[in-house]
1. Are any residues in region 186-209 in contact with a Lys or Arg (Cβ under 8 Å, 6 or more places away or on another chain) and surrounded by fewer than 17 Cβ atoms within 10 Å (Cβ to Cβ), and if so, which ones?
2. Where the second residue is assigned to a helix (DSSP H, G or I) and the first is within 14 Å of R105 (Cβ to Cβ) and lies in region 202-230, which pairs have Cβ atoms under 8 Å and are six or more apart or on separate chains?
3. Counting only residues that are within 16 Å of the ligand (Cβ to nearest atom) and not in a helix (DSSP H, G or I), how many does region 383-418 have?
4. Mind checking which pairs have a first residue in region 20-46 that is on the phi > 0 side of the Ramachandran plot and a second that is within 16 Å of the ligand (Cβ to nearest atom), Cβ under 8 Å, 6 or more apart or different chains?
5. Quick check: anything in region 183-200 touching a residue at least 12 places away in the same chain (Cβ under 8 Å), farther than 23 Å from S32 by Cβ, over 20 Å from the mean Cα position of the chain (by Cα) and within 16 Å of the ligand (Cβ to nearest atom)?
6. If you go through region 101-132, how many residues are within 13 Å of the ligand (Cβ to nearest atom), in contact with a helix residue (DSSP H, G or I) (Cβ under 9 Å, 6 or more places away or on another chain) and part of a helix (DSSP H, G or I)?
7. Taking M308 as the residue in question, decide whether it is away from the ligand (no atom under 16 Å from the Cβ) and either within 24 Å of Y401 (Cα to Cα) or hydroxyl-bearing (S, T, Y) (or both).
8. I need the full set of residues from region 281-305 which are touching a strand residue (DSSP E or B) at 6+ places or on another chain (Cβ under 9 Å) and under 14 Å from H261 (Cα atoms), in order please.
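The values are calculated or read from the model by the stated rules, or taken from the named source; none is laboratory data. Since the structure is predicted, the reported quantities are computational estimates derived from the model, not experimental observations. When we count neighbours, we look across all protein chains shown, and the Cβ atoms used for this are built from the backbone with ideal geometry, even at glycine.
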Amino acid sequence: MKKILINGGRPLYGNINVSGMKNAALPIVFASILTADRCVVENMPIVSDVELSLEILRRMGATVERLNKSTVAIDTTNFEGSVSPYDLVSRLRGSTYLLGAELGRFGCARVGFSGGCDFGVRPIDQHQKGFEALGAKVTIENGCNCITTGPAGLNGASIYFDIASVGATINVMLAAVMAKGKTTIDNAAREPHIVDLANFLNMCGARISGAGTSVIKIQGVEKLHGCNYTIIPDMIEAGTYMVAAAAAGGRVSVRGVIPKHMETVTAKLVEMGADVEEYEDYIVVSRAGRLNRTNVKTYFYPGFPTDMHPQISALLATAEGTSLVTESVWENRFRYVDELVKMNANITVEGRTATIVGVSRLTGAPVKAVDLRAGAAMIIAGLSAEGVTEISKVESIERGYDDIVGKLASLGADIKMVEVPDEESAQPKAN
Ligand code: EPU
């Protein structure tokens, strides 16, 4: 079993490079199913969720070649639909994109239920509504979502989402690019990864406009071709390092970012009293003295990202005064709170709001990465805490952070990944 050990209290200094965005890489990997040509994708983050998505494609007959550390060539000529490996798709939320991609290419799909972080119920009713509007029939059979289309195939349609779901927007885009006629998605998600997927698909010959706004228009085309594409930088990884710098102190330059994507995180850090300098493709974060309290409410982009919620809470845990953090996107994203409390944080949760009374110092403790961003919050807390923090369940963190331990160590953090004997097997067995 792996653990991350952090000896806290050291300020961070230097440059840190941001990798490609996980949540853009996943739909782009599955979008490559839509063309039988070769797609070369650069700036792929080395994270286990993306590795899993590539393994799913391999197991379904695609050829996946790593051309260098962060460049992957995908050829889905021999891809076979309807045989998705349940042992893999059940571990990855992004595997729902197989539904839209297979529907777009073959007119049908059969995919086992997907996994991912546990934030309460994660329905796909909006995805289904979109597929049905395009003329597909959705049923559940033997633990799989099954989608079929009649002889008329898929036809463009007007679709209104009740909620601006990232996954539903992506799935309908994938299904509609080669449908007959025009599709309009109203109340579409506006996240930067939606724009990145649209740019990738357009490079492959699709005709998508309006991505990044709440109305996306798709004129169906007959066929897509391969392309070379570079994934945008990961705004959540960048935000995590900005918050880590504010928590630990020092002066950190977060490199290779799109500052526009960071506006809400920057605004909150400035409100708290951190110094944030913005340049064309990098942001420098430093602070002098203790930070002040603030309130944060997560929302769909361009609101404050839900995927930065646990990290900002870890920072607010030591700010002066009482802060409120309200979660508007997920039903339950507060499982990290019990872990921060073990580190002396003073946090209570009622409904969808956490009340955080800032303490002057967190103290190191054994804690768990209960999900991906919760794990990032434990690292941030550990960097600023007094003493040693020992984080278990690190595989949750590896799902979405490319070499987080190596990157933070290069800034002077006392952080390392260690292999320890599995606690359960190390315990003497009771008779
Ligand atoms: N929702 C519905 N019906 C649907 C779809 C969603 O009610 O058909 C609800 C969800 O229950 C949730 C809200 O809509 O309350 C937002 O869900 P969304 O579909 O936007 O989320 P997702 O596509 O499942 C992606 C990211 C998450 C990120 C959310 C919100 C990927 C693979 N996952 O999930 O990322 O939190 O968007 O921005 O892109 C992470 O990276 O740590 C992560 C969890």
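1. Answer for region 186-209, where residues must be in contact with a Lys or Arg (Cβ under 8 Å, 6 or more places away or on another chain) and surrounded by fewer than 17 Cβ atoms within 10 Å (Cβ to Cβ): just S209.
2. These pairs meet every condition: C204/A31; C204/L34; A206/A198; G220/A176; L224/L34; L224/L201.
3. So the count comes out to 6.
4. N43/S19; N43/G20; N43/I231; N43/I232; N43/P233
5. yes
6. Matching residues across region 101-132 total 7.
7. Details: away from the ligand (no atom under 16 Å from the Cβ): no; either within 24 Å of Y401 (Cα to Cα) or hydroxyl-bearing (S, T, Y) (or both): yes.
So M308 fails the test.
8. Of everything in region 281-305, those that are touching a strand residue (DSSP E or B) at 6+ places or on another chain (Cβ under 9 Å) and under 14 Å from H261 (Cα atoms) turn out to be D281, Y282, I283, G303, F304, P305.
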